[in-house]
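The values are calculated or read from the model by the stated rules, or taken from the named source; none is laboratory data. All of these numbers come straight from a predicted model, not from anything done at the bench. With ideal geometry, Cβ positions are generated from the backbone for all residues, glycine too; neighbour counts draw on all protein chains shown.
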Amino acid sequence: MKYNIYAGLGGGFGGPTYQGTGEFDDVDSAIDYAYQMAVEEYQSYEGYHGILDWHDVAEQEELDPEEDEEAINEVYQEEIESWIEYYAVPFDEDEEFDSEEYYEI
């Protein structure tokens, strides 16, 4: 089934935007793809506008990258999750492009 994919950053970044339409086995696969697109968007802003990268998290949390890698990964993942927004909309040629019905995590 085809899905329109939306992904982006919340806050002052404008939220999710249309990323494309793709063929997926199910809605979970489409949402997983949207998630990956949102993470890539986050990573493209790391180091700018208050978006932390992995090393910024280590420094902010006063953790040693060599000794506390797992803890840093956990906080870094939480940081990503706090910024990203994403969802998938079933594609329907007969409907308006900005369908209100969508699947969101």
- [ ] Kindly check whether there is at least one residue in the stretch 57-72 that is acidic (Asp, Glu), closer than 24 Å to Gly8 by Cβ and at pLDDT 95 or above.
- [x] no
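Across the stretch 1-45, what is the number of residues that are acidic (Asp, Glu) and either in contact (Cβ under 8 Å) with a residue 40 or more places away in the chain or buried (at least 16 other Cβ atoms within 10 Å of the Cβ) (or both)? Walk me through it before giving the result.
Within the stretch 1-45, the first condition is being acidic (Asp, Glu), and the residues that meet it are 23, 25-26, 28, 32, 40-41.
Filter once more, so that each one left must be either in contact (Cβ under 8 Å) with a residue 40 or more places away in the chain or buried (at least 16 other Cβ atoms within 10 Å of the Cβ) (or both): 41.
Looking only at that region, the number is 1.
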Open item on the list: Any residue in the stretch 55-67 that is part of a loop (DSSP other than H, G, I, E, B) sitting within a Cβ distance under 9 Å of a residue that is not aliphatic (A, V, I, L, M)? List the pairs, counting only those 6 or more apart or interchain.
Closed with: Glu61/Asp68; Leu63/Glu69; Pro65/Trp54; Pro65/His55
